[in-house]
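The values are calculated or read from the model by the stated rules, or taken from the named source; none is laboratory data. Keep in mind that what you see is a predicted model, and the values were worked out from it rather than measured. Virtual Cβ from ideal backbone geometry, glycine too; neighbours counted across all protein chains shown. Areas reflect the complete protein model, heavy atoms only, side chains present, ligands, DNA and RNA absent. Shrake-Rupley method; radii C 1.70, N 1.55, O 1.52, S 1.80 Å.
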Amino acid sequence: MTVIEDYIAAAPQKTQPQLNQLYRLLKELLPTAEERIRYGMPTFYAGENILHFAAAKKHLGFYPTPGPIAAFQEELQAFKTSKGAVQLPYDQPLPEILLKNMVHYRLTELTEKGKP
């Protein structure tokens, strides 16, 4: 098992379906990224942190850094956000298309910085 799979297995049972769904999506989008635990959260890394995610009591936290949050501010209006985080409630389906777009945006940011 990977460190992220270990994290998901240790998470509360009710959070695991969305954690697994997000993990599968991110693995598909970031197949060459290194999987780590940083700041106590699952992290995808390639030269620097690409993004993090984590189980919270009432939501799944998605942390793609501030750039994607700002770029998709309008599409994120239905969610509670902060400078670098999106709260995805467990009682709602994951917005996969939005998450994919945010990850692609983040990868573009890294490419522009000369990161892999």
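Residues in region 1-60 that are among the aromatic types (F, W, Y) and either open to solvent by less than 80 Å² (accessible area, probe 1.4 Å) or touching a Lys or Arg at 6+ places or on another chain (Cβ under 6 Å) (or both): Y7, Y23, F44, Y45, F53. Here is the figure for region 85-107: residues that are assigned to a loop (DSSP other than H, G, I, E, B) and either surrounded by fewer than 17 Cβ atoms within 10 Å (Cβ to Cβ) or in contact (Cβ under 8 Å) with a residue 40 or more places away in the chain (or both) total 5.
Just one of the listed residues (L76, L26, L110) is touching a residue at least 60 places away in the same chain (Cβ under 8 Å) and more than 12 Å from the chain's Cα centre (by Cα), and it is L110. Taken together, T32, T15 contain a single residue that is farther than 20 Å from E96 by Cβ, among the polar types (S, T, N, Q) and over 11 Å from the mean Cα position of the chain (by Cα), which is T32.
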